[in-house]
1. If each DSSP helix of 4+ residues adds -39,500 (n - 2.57) and the sum is divided by the residues in the chain, what number results at 222 nm, nearest 500 deg cm²/dmol?
2. If the reach is capped at under 16 angstrom between alpha carbons, list the aspartates and glutamates near Lys153, excluding any in the same chain fewer than eight residues apart.
3. Kindly write out, for the stretch 182-190 in residue order, the coupling ³J(HN,Hα) from the Karplus curve 6.51 cos²θ - 1.76 cosθ + 1.60 (θ = phi - 60°), rounded to whole Hz, with x marking Gly and Pro.
4. Quick check: pseudo-label points 7 Å beyond the Cα along Cα→Cβ at Glu79 and Asp208, how many nm apart are they?
5. Label Val164 and Ala132 with points 7 Å out from Cα along Cα→Cβ: what is the distance between them in nm?
6. Work out from phi, with θ = phi - 60° and the Karplus expression 6.51 cos²θ - 1.76 cosθ + 1.60, the ³J(HN,Hα) of each residue of the stretch 41-55, listed in order in whole Hz, and give x for Gly and Pro.
7. Taking amide H positions as placed in the peptide plane 1.01 Å from N, state which residues far from Ser26 in sequence (5 or more) or on other chains have amide H under 5 Å from it.
8. On a 0 to 90 degree scale, rounded to 10, what angle separates helix 144-153 from the longest Cα axis of the chain?
Amino acid sequence: MNQDQLKQAVAQAAVDHILPRLDSKSIVGVGTGSTANFFIDALAKHKMDFDGAVASSEATAARLKGHGIPVYDLNSTAELEFYVDGADESDEHLHLIKGGGAALTREKIVAAVAKTFICIADASKLVPVLGAFPLPVEVIPMARSHVARELVKLGGDPVYREGVLTDNGNVILDVHNLSITDPVKLEADINAIVGVVTNGLFAARPADLLLLGTADGVKTLK
Ligand code: 5RP
């Protein structure tokens, strides 16, 4: 199986997991990226079995609407049972690095509201220690240089993701060369830098379930 087939398999596994737990009033939180796109395409086949979705990015909202799935504002959504999204890395505790697609802030907000966060990823994303994937940090544009200097003090090498503006109108610094042995602390330390909107560590609120696509089938970690 190639990587796309593994992503497709975990996307289908997520649909199979949530479908029996949805009803006509359910709203599903949906992430961003290629694995989330496979999930949207698989979920769309069952669009009559739930009410609609909350999107973590403009791109995801457009794909959902393209399938005829109603997209709701999070502020008008009382209950969100499930949030389903991919990741750039996960450790065995389901602490994640996300934000490769620059959607980390909205992803973190929807994940915070959802009762159950299901992460879907191919096996290459499971790592012993987070940090080989550069950690994305969303930053208010005027604070970019200040935040970069503070990230260097924390031991990282920040690189400005040129030409990218987030859906919130901010910029991304990708922090290289971090070996993240205490993700909960680093998430808090980076978020405490003035000018940071949020960073791509999902450790204070990790995933509840990781559906991992492997050559031997989909494995469930919790
Ligand atoms: C977007 C994300 C994605 O979930 C992450 O980048 C994984 O993407 P893909 O499913 O394409 O491998 O965090 O901001």
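The values are calculated or read from the model by the stated rules, or taken from the named source; none is laboratory data. This one's a predicted model, so the numbers in the text were calculated from it and none came from an experiment. Here the Cβ is made from the backbone with ideal geometry for all residues, glycine too, and neighbour counts use every protein chain on show. Note: areas computed on protein heavy atoms with side chains; ligands, DNA, RNA excluded. Shrake-Rupley method; radii C 1.70, N 1.55, O 1.52, S 1.80 Å.
1. Details: 6 runs with 65 residues, N = 222.
Calculated mean residue ellipticity at 222 nm is -9000 deg cm²/dmol.
2. Asp174, Glu187, Asp189
3. These are the phi-based 3J(HN,Hα) values: 10, x, 5, 5, 5, 4, 5, 4, 5 Hz.
4. About 1.3 nm separates the two model spin labels.
5. Rounded to a tenth, the inter-label distance reads 1.9 nm.
6. Rounded to whole hertz, the list is 5, 6, 5, 4, 5, 10, 5, 7, 9, 8, 7, x, 9, 10, 9.
7. Residues meeting the criterion, in which the H sits 1.01 Å from N, are Asp51.
8. Once rounded, one gets 80 degrees.
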